[in-house]
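Some notes on the structure that comes next.
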There are 2 protein chains.
Amino acid sequence: LPFFELANSEMDRFVTEGQGDDLPLAPLRHCSWSDLRRDFSPCVDRWSCGSFSWTIHSPYYRLPDPALPGVDGVLSKMLLPAVFGVLRLDNRDEARARRVFIGYQPGPQGDHLRENWELRQEGISALSNGAGYGMACDHPGCWTAQHFDPRVLLAEQDRERFHFGNGSVGLISCMVPAGACVELRVVLGFYRAGVVTSGRSAVYAYTRHHAGLADVWRAGFVHFEDHLRAAAAADAALVSPSLSADQRFHLAQSVRAYAGSTQLLQEGERALWVVNEGEYRMINTLDLLVDHAFWELRIHPWTLRQALDLYLTEYAYVDRVRLPGEALAYPGGLTFCHDMGVGNAFSRPGHSCYEIGGLKGCFSYMSAEQVLNWFAVALLYVEKSGDAGWRDRNMAVFFRCFESCLQRDHPLPELRDGVVDADSERVEGGAEITTYDSLDASLGQARRSAYLCVKSWAVCSCFARMLEKAGDPDAAFRAREQAKLSVRSLLAWVQFDGSIPALLQDGCSSRIISVVEGLAIAWHGGVQDELQEKDGIHASLLASLRGHLDAVMCHGLCLFPDGAWKLSSSSVNSWLSKVYLCQFVCRAILGWQGGGLGDGQADAAHAAWLKDSKNAFWAWGDQFYSGVLRGSKYYPRGVTSILWLDEAEKAV
Amino acid sequence: LPFFELANSEMDRFVTEGQGDDLPLAPLRHCSWSDLRRDFSPCVDRWSCGSFSWTIHSPYYRLPDPALPGVDGVLSKMLLPAVFGVLRLDNRDEARARRVFIGYQPGPQGDHLRENWELRQEGISALSNGAGYGMACDHPGCWTAQHFDPRVLLAEQDRERFHFGNGSVGLISCMVPAGACVELRVVLGFYRAGVVTSGRSAVYAYTRHHAGLADVWRAGFVHFEDHLRAAAAADAALVSPSLSADQRFHLAQSVRAYAGSTQLLQEGERALWVVNEGEYRMINTLDLLVDHAFWELRIHPWTLRQALDLYLTEYAYVDRVRLPGEALAYPGGLTFCHDMGVGNAFSRPGHSCYEIGGLKGCFSYMSAEQVLNWFAVALLYVEKSGDAGWRDRNMAVFFRCFESCLQRDHPLPELRDGVVDADSERVEGGAEITTYDSLDASLGQARRSAYLCVKSWAVCSCFARMLEKAGDPDAAFRAREQAKLSVRSLLAWVQFDGSIPALLQDGCSSRIISVVEGLAIAWHGGVQDELQEKDGIHASLLASLRGHLDAVMCHGLCLFPDGAWKLSSSSVNSWLSKVYLCQFVCRAILGWQGGGLGDGQADAAHAAWLKDSKNAFWAWGDQFYSGVLRGSKYYPRGVTSILWLDEAEKAV
């Protein structure tokens, strides 16, 4: 398969030209890309070329809450740091034996490659570099070999000739006789022992269940078929036939990007779920959590509860707020940090690694958005999990969040309009931003943001509904009134063409798709029925957003020339995760099928971005600048695509 | 100091051009190289520029054998994974306050940089990336700060402004008032927990004494002045006034290269000393051990005993031998592997990571040389340590080594001539090589090697002396006779010009300096007195070697045009470690002062190689090709320079 390059031989570091022995080299070619077929889903990745195939199975498990009693056995099986490969060569139509092999060359730093002699007596052929990474195969016909150059190993028939420990490349090989078909089971294992974080002292949770790489391999072979079945079952739950091929590609890539960003750690007796922010590696970033919450609600909602609790105990703060240009500080309220740290380093309590004062752009505070985000995730979690105990324990916190939102709208009640107007004092003369930190003010500015206005409407609507169910009509009324203010303000800013400005203030010519995002929170946060009523209390909002979309979803505003979605008319920086989310809102909530939704043109354009040779190396990434991936590589946020399954299920 | 470059700002990964805030940048220049003064010794490295200096103290301890009772307390202090920096700014002549700072930026992979808030309450300002590496300062006036760009931190007066966890650069800063002189104590600590080897399961021994990086810093500050005194004391023992400035430079660099290649590990209850082979990282390579043995004999001889024992129990083998071109195999005998593994990966017992069959050049077997090497180290250890118990336990092994040497000379006793003629069957049709694996046959070929012939003479002479002392005159006689055979053969090959061919066979025009190497083993292995006798039993050998040197130490043969030593007349690849060793032999044993020894020209030429801008990056390395360092970077073998202290002491 064309997944390797022949490196410069390490031999050169040892030998002067002309002094080494010349060993026979087998020709080493790979099949052409055009002869290669790929079958790709969230948990199975198969590459086939004629009679040969290589399949990697990486089951995504619905992890149970490790705090529950009696889950240790199932966790031990699920928490295996490995993926499962099957190398297949069908030689039934061949008159000659052929060799099948797999191998690798670790980087020049770190521990050296090693054939694992100890496992031979167990019938396992294994290669690893140190205690951290390696591959193993349990086929009895396999053997391992090691040299500087794989072509030397392939030229040699004698299995025992090259156990050359200095070699930088290792191969696991097997001869497949004429007329036979062989499948090799390969466990690719990973292991990191000891404390892996600073600021908190946590180890990988799997270290509780497996002692080291050899144990991981052994457990992998014992349960190999179970893991393959689990991968197929997870795929079956994710690959809905109602999704188009492009949609399935988006979903598969984004699930993998999310999975690759996660860690289940263990801190003393407590499990600790970490979602790293892709290439930026910030920990459990709150403005991402509100988006990948839709995935976690479906697959393992306890991780949301854990993040909410940790934000509340460690990464919350109470601030004061200021109106622009005013020196007077008003009470603000409870809000939350942007993140919990970065790159396995936890921040000091009360502070993110991201936010600093004195700025107006990237790295400024997101105080107004983060209280909305925490509140939204809390409401989503309560609604979907039915965890009434957690809801009741945190009811006072919800009220503090609500009051904090009101103060950020305006410190003076009579001047509130459901739109953020105040900045946290933490900005120290700067200005608050939103999650759209690398965009222009259309989406990047918190104050007067239409995007935050709809998010605020959603949170207040869901909170009101929760209070109504809880039998507190007075409080619910206040929340409904605040939600109404947001709608009223939004409607007041509808322009003659039906569009709504990105910022609800004079002089804003930008238009954004993201104004509709908040509807997804409302839909899953408890008011889905209200949104479905034909002339319900939200009808005017929904109608105005439909009108907005009709006005802005055109070339020159919120569509790129290739039909891809442009989140802001005034920026070429568009984020796929948010596009996926808005696509769901448009189709499932607004019943709006423009912008290339109905005919699949939008999905095709976005898939073409991901597959473009400029971008494909990073598999999935979020921030595309006119179709070029330039930031947020390996990002977890794309699992907003899971919302598309809600549409499929709603249709059923 | 000019030890940094401004990296591209990590900011670019987050922000589109024009979207970020522009922060004030302080100008950041470093002093010029010409204003910089360096004072450099084995354990102290000071850089001064006017009123500023930065000194790194790295004491080299005479580690006691960890197996001895009662050494835990002293080991706990010595085994601190840290070096000790002093940052000094003398502001006594200044009318303004100035800021002194130190900091770093970790690489983009691995754990993120972090300010260690937990240690603030202990008065320690610290930066680390994860649990593995970091610097700390205990001056009460210090503070830490973090950002993408150090110039942002230096422009800011407010200590609390930039605790920006996302930042890739951290600084520890201190304001030095006008008229004050401040010295900051900086502990640069390192830590790696858990099993670090494969094939054997070993941890770093220091993990037994210190729980993590914070503990390392704390212990470093508690004993800071003790470590500085220890560094000065170690220097005093190594920096003899009888050495020239160039010799002191060579010694300091080579001690540091050795120290940097070592690890003290812990395997269960047993300590495990590892000397890695510089950039190649092979473990306890036996043909290096015989050279850096001279260092270990003086500083911590128990590490030699440990390596000898481990070779004997795990990395020995018994082979058969063949004469060139013959199919018949004769008994060979006990010999030893080239090494114990590579890059923290131990080889399977009985095999090195280096040797493979079927070769004639690099990576072939060194069976004949390695039995000589093990035997030589054993004799050196017994002679210098006086460890009679170990000697007695291993006497049978010594005889097996001796018999193995005889068989490799020639399997038929009547045809023995003190020169290696047989190859191990392990070469499988190839040919044995020597430690000079990257040179041509003049030094690279084992069969008929004059270099091995003198080594064999030395080992047999020392063994005979040991047997004489042990009261076994018959066995001693046999060893003396074998030594005489070597001398006889060598003398028989002396040419008309007094030179001796590199290979004691027809048609060899190469001439080598290394033929004298074995004398150092004899000198330290028990027969120094015999070598000093004017007309002693070795006088003819010494005289012929002096004549050889007179003949070959000239331009065109064994001198480079710049006066540097060329180990072989037929190769431009010359090794400093071996040059140092031969220099000792020439001066101290042969009383020979040619080749630029007497006037220091040779040392100056070799120092010029090390300081050349093409080579200086690697501090010390062994293999120079016409003065260009091309292999064996960061090599431990250069501590053969310790032999120069023997000359100084002999002179006293």
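The values are calculated or read from the model by the stated rules, or taken from the named source; none is laboratory data. Keep in mind the model is a prediction, meaning the values are calculated, not measured. Cβ coordinates were reconstructed from backbone atoms using ideal geometry, including for glycine residues, and neighbour counts include every protein chain displayed. Remember, those area values only see protein heavy atoms, side chains included, never the ligands or the DNA or RNA. Shrake-Rupley method; radii C 1.70, N 1.55, O 1.52, S 1.80 Å.
Below are the figures for this structure:
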item	result
Filter result (open to solvent by less than 10 Å² (accessible area, probe 1.4 Å), closer than 19 Å to A:TRP374 by Cα and of a type in the set (S, T, N, Q)) within the stretch A:438-475	A:SER449, A:SER461
Hits in the stretch A:323-335 - residues which are surrounded by fewer than 20 Cβ atoms within 10 Å (Cβ to Cβ), under 22 Å from A:TYR436 (Cα atoms) and at pLDDT 95 or above	A:LEU323
Filter result for the condition that a residue is closer than 20 Å to A:PRO561 by Cα and at pLDDT below 95, over A:GLY598, A:GLY631, A:GLY594, A:GLY627	A:GLY598
Matching residues, the stretch A:364-375, being within 19 Å of B:ASN166 (Cβ to Cβ), open to solvent by less than 10 Å² (accessible area, probe 1.4 Å) and over 21 Å from the mean Cα position of the chain (by Cα)	A:SER364, A:SER367
Filtered residues of the stretch A:353-368 (kept if part of a loop (DSSP other than H, G, I, E, B), more than 7 Å from chain B (Cβ to nearest Cβ) and among the hydroxyl-bearing types (Ser, Thr, Tyr))	A:SER364, A:TYR365
Top-ranked residue in the stretch B:192-202 [being touching a residue at least 40 places away in the same chain (Cβ under 8 Å) and open to solvent by 30 Å² or more (accessible area, probe 1.4 Å); ranked as nearest to the other protein chains (Cβ to nearest Cβ)]	B:ALA193
The stretch B:486-497 - residue that is open to solvent by 40 Å² or more (accessible area, probe 1.4 Å) and not in a loop (DSSP other than H, G, I, E, B) and, of those, nearest to B:ALA551 (Cα to Cα)	B:LEU491
Residue in the stretch B:336-352 that is part of a strand (DSSP E or B), away from every other protein chain (no Cβ under 14 Å), within 28 Å of B:ARG298 (Cα to Cα) and modelled with pLDDT of 95 or more present	yes
Output for the stretch A:133-161, where each listed residue is open to solvent by less than 30 Å² (accessible area, probe 1.4 Å) and either in a loop (DSSP other than H, G, I, E, B) or within 12 Å of chain B (Cβ to nearest Cβ) (or both)	A:GLY134, A:GLY141, A:CYS142, A:THR144, A:ALA145, A:GLN146, A:HIS147, A:PHE148, A:ASP149, A:VAL152, A:LEU153
Qualifying residues in the stretch A:476-485 (those that are among the basic types (Lys, Arg) and closer than 17 Å to A:PHE398 by Cβ) - the one least open to solvent (accessible area, probe 1.4 Å)	A:ARG480
Selection status of B:GLY386, of a type outside the set (A, V, I, L, M, F, W, C), facing another protein chain (nearest Cβ under 8 Å) and either closer than 26 Å to B:GLU468 by Cβ or open to solvent by 10 Å² or more (accessible area, probe 1.4 Å) (or both)	no
Of all residues making up the stretch A:177-191, the number that are part of a strand (DSSP E or B) and within 14 Å of chain B (Cβ to nearest Cβ)	1
Selection from the stretch A:50-78 of residues that are in contact (Cβ under 8 Å) with a residue 40 or more places away in the chain, under 30 Å from A:ALA178 (Cα atoms) and either of a type in the set (Gly, Ala, Ser) or open to solvent by less than 30 Å² (accessible area, probe 1.4 Å) (or both)	A:SER51, A:TRP54, A:HIS57
Members of the stretch B:518-535 found to be farther than 16 Å from B:ARG448 by Cα and buried (at least 21 other Cβ atoms within 10 Å of the Cβ), listed by number	B:LEU519, B:ALA520, B:ILE521, B:ALA522, B:TRP523, B:HIS524, B:GLY525, B:GLY526, B:VAL527
One residue from A:ALA307, A:ALA378, A:ALA396 being surrounded by fewer than 17 Cβ atoms within 10 Å (Cβ to Cβ), away from chain B (no Cβ under 14 Å) and in a helix (DSSP H, G or I)	A:ALA396
Index of the failed condition, A:VAL427 passing every other in (1) open to solvent by 10 Å² or more (accessible area, probe 1.4 Å); (2) within 14 Å of chain B (Cβ to nearest Cβ)	(1)
Subset of the stretch B:116-131 (residues that are more than 8 Å from chain A (Cβ to nearest Cβ) and open to solvent by less than 30 Å² (accessible area, probe 1.4 Å))	B:LEU119, B:ILE124, B:SER125, B:ALA126, B:LEU127
Residue count for the stretch B:28-79, restricted to those that are assigned to a loop (DSSP other than H, G, I, E, B) and among the basic types (Lys, Arg)	2
Any chance B:GLY189 is buried (at least 20 other Cβ atoms within 10 Å of the Cβ), over 30 Å from A:HIS351 (Cβ atoms) and in contact with a helix residue (DSSP H, G or I) (Cβ under 8 Å, 6 or more places away or on another chain)	no
Residue, nearest to A:GLU5 (Cα to Cα), within the stretch A:162-176, restricted to residues that are assigned to a strand (DSSP E or B) and of a type in the set (Gly, Ala, Ser)	A:GLY170
Hey, A:ASP21 within 23 Å of A:TRP295 (Cβ to Cβ), acidic (Asp, Glu) and assigned to a loop (DSSP other than H, G, I, E, B) or not	no
Residues within the stretch A:554-575 that are in a loop (DSSP other than H, G, I, E, B) and open to solvent by less than 20 Å² (accessible area, probe 1.4 Å), tallied	6
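The rows are residues; the columns are (1) without any contact (Cβ under 8 Å) to a residue 12 or more places away in the chain; (2) open to solvent by 10 Å² or more (accessible area, probe 1.4 Å); (3) within 14 Å of chain B (Cβ to nearest Cβ); (4) not aromatic (Phe, Trp, Tyr).
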position: A:GLN601; (1), (2), (3), (4): no, yes, no, yes
position: A:ALA604; (1), (2), (3), (4): no, yes, no, yes
position: A:ALA607; (1), (2), (3), (4): no, no, no, yes
position: A:ASP622; (1), (2), (3), (4): no, no, yes, yes
position: A:LYS633; (1), (2), (3), (4): no, yes, yes, yes
